[in-house]
Amino acid sequence: MGIATLTRSAATNAAAAVAALVAAVGCAGPAVEAPPEPSPAASAPASPPAAPPPGVPGYRYEDPADVCHRFAAALFSADTTVDSGPADAPLRAAGYADAALAATLVRPTVDGRWPLWREHRARLHTQVSGHADSEAPVDSTVAAYRAMLVAATPVGDHGWRGWTQTTLLYCTLAHVTLAGVGAQWRMAGYTLAPLPGAP
Amino acid sequence: MTGSLKVALGAAVTLLLAPCGLGLLAVTALDAAGAGELCTPARPAAAPAGAGTWPAQGSWSAAQVGHAATIVTVGAGLGVPRWGWVVAVATAMQESSLHNLGHLGNRNDHDSLGLFQQRPSQGWGTPAQILDPAYAATAFYRRLLQVPGWQQLPLTEAAQRVQRSAYPDAYAKWQAEATALVDVIATGLHLVQDCAAVPGGWALPLPAGSYSLSSPFGPRWNRFHFGQDLAAAAGTPIHAIAAGIVVAAGCTSPRCDIPGSPDMPGCGLTVKIDHGGVGSMYCHALDLTVHTGQRVTAGQVIGHVGSTGHSTGNHLHLQIHRPIPPFTNATAVEPVQWLRTAGVDIAGAAR
């Protein structure tokens, strides 16, 4: 089984698809159903960030492992009672990314799980821990490589729980110098992979 | 898969597709993925289950799970290996959120329709055909099977070769969810995989509880890792995963008498075993207890865990290849899932 590299983006065609009631057209198969109600974020994409990339006030971006950890926690965050839609999580994660990666994180996002999560007023309970990968490249003064193990479980009202999604997140970090800010470790790319054997 | 079961499942899928004139397509494609496969889908359910017959699973509604079940059932009927089902379900998760979407008016992306957002103008079929989930899944699999080496491709790349999406990176995030959903559906439909029998069966490469899973198979950091690493103490016995013939045993690095390092090329002390079409490779051993040409049995100790060659610590790097020959990157498959289908749970036996 392969594992795919992701520079997170969203599909506008899929975003448009989660939008309207459709006419039933059959071929002796199941009827075409109504898609779920679109999330505001999916139908109204956020504006692209201006350079420099977005930042988290007061955060110093000194430790690449901590930047990777915070990025993971943000990417796997959700609270349907607060968030406008699934696009909010990558927007939060963009605060730890360099300009190029941040630009890919602010596109409209569709998540087929969101309607059920919203129905249950769910939020993601996410645990992030460091993962030692024996294949990690050696760090340099301008690039660092870290891996995080992420376990995210949607938990809703009245005891509802979805599956726990266990994922390895491989971070590539770049040491960038931002005008007026100085040098920072920023996420420059990442790869997601299911933990082998995880449900 | 036995011949009778294959025919039975083929017949079931043919019936599923017949109303759309796809019966012949199903029968024709049935053996498309069979050549060279030692693990093929088997054991059909009494009837393919579609939308509306499944309960909600995880974060997916009953309707969404039903569409995923149709995708899996069609894939099994066509003889597509399990990895293809995961690719297809993940693709549909991204393209349609597992909803059979009709035309959305001025919000539609070109003329895209259905679970996979296939386009009539691009030769995927008529709108009516594409809006039939079984037809759409069949059309997806047909193109997937035409992608050379698709079973060795990362999910994103395999899906993108079929879909040609404007956002090719978007499929990856669904791999974990698709894998979990496919597991639930395959279990519910009894779609176990029928691996080729080998004398003595299949075995763990290291003793249960003696190792932890470290670096998995797949791409990261602009490189591709073609095996699964199992971190274990130096000296832990390495077992052959099945009976076979040792086709290579020796040092594959400039030196194997010193500890490895990131600067040392090669796999260190390495054993390759031919199990009859399936190959296994064991890297970085401290020492070897077998020689080229030797016959081994399942579970036989072939060496001990070490850190020779390109390595930063004691571990076993395990690769599974099929079909062999050759033992190349192009024939490497994901070991944990593959052994799981053969009845060996590496992840479950980890500490």
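The values are calculated or read from the model by the stated rules, or taken from the named source; none is laboratory data. Predicted model only: the values in this text are computed from it and were never measured. Every residue, glycine as well, gets a Cβ built from its backbone with ideal geometry; the counts of neighbours run over all protein chains shown. Accessible surface areas use protein heavy atoms only, side chains included; no ligands, DNA or RNA. Shrake-Rupley method; radii C 1.70, N 1.55, O 1.52, S 1.80 Å.
Things worth noting here:
- Separation in nanometres of the label points that stand 7 Å from Cα toward Cβ, at A:GLU62 and B:ARG107: 4.8
- Shielding by other protein chains, B:89-101, mean Cβ within 10 Å: 6
- Burial order of peptide ranges B:327-336, B:74-83 (average beta-carbon count within 10 Å, highest first): B:74-83, B:327-336
- FRET efficiency for the A:ALA100 to B:ALA248 pair, using the beta carbon distance and R₀ = 45 Å, is estimated at 0.55.
- For the segment B:146-156, counting C-beta atoms of other chains within 10 Å of every residue's C-beta and taking the mean gives 3.
- Residues A:VAL142 and B:ARG255, FRET efficiency given R0 of 41 Å [Cβ-Cβ distance, rounded to 0.05]: 0.85
- When +1 charges are put on Lys and Arg Cβ atoms and -1 charges on Asp and Glu Cβ atoms, the dipole computed for the stretch B:211-349 relative to its Cα centre reaches about 200 debye.
- Packing-based order for B:271-280, B:120-129, using average beta carbon neighbours within 10 Å, highest first: B:271-280, B:120-129
- For the stretch B:140-190: rounded, prolate or oblate by the Cα gyration tensor [a/c cutoff 1.5]: oblate
- Across peptide A:67-77, the mean count of Cβ atoms from other chains lying within 10 Å of each residue's own Cβ comes to 0.
- In sequence order, calculated HN-Hα J values of the stretch B:280-293 (Karplus, 6.51, -1.76, 1.60; Hz; x Gly/Pro): 10, 9, 10, 10, 6, 5, 6, 7, 10, 10, 10, 9, 4, x
- Isotropically averaged projected area of the stretch B:211-349, using the convex hull of Cα atoms (one quarter of hull area), nm²: 7.7
- Signed unit charges on C-beta, dipole axis of the stretch B:211-349, positive-most listed residue B:CYS256, B:ALA332, B:HIS304: B:ALA332
- Where labels lie 7 Å past Cα in the beta-carbon direction, separation of B:ARG295 and B:SER212 in nm: 4.1
- Label reach from A:ASP157 (point 7 Å along Cα→C-beta): in the stretch A:60-90, amide nitrogens under 11 Å belong to A:81.
- Å² per residue, accessible surface of the stretch B:211-349 at 1.4 Å: 35
- Simple label model, 7 Å out from Cα along Cβ direction - A:ALA132 to A:LEU178, nm: 3.3
- Cα gyration tensor, the stretch A:117-199 - rounded (a/c under 1.5), prolate or oblate: oblate
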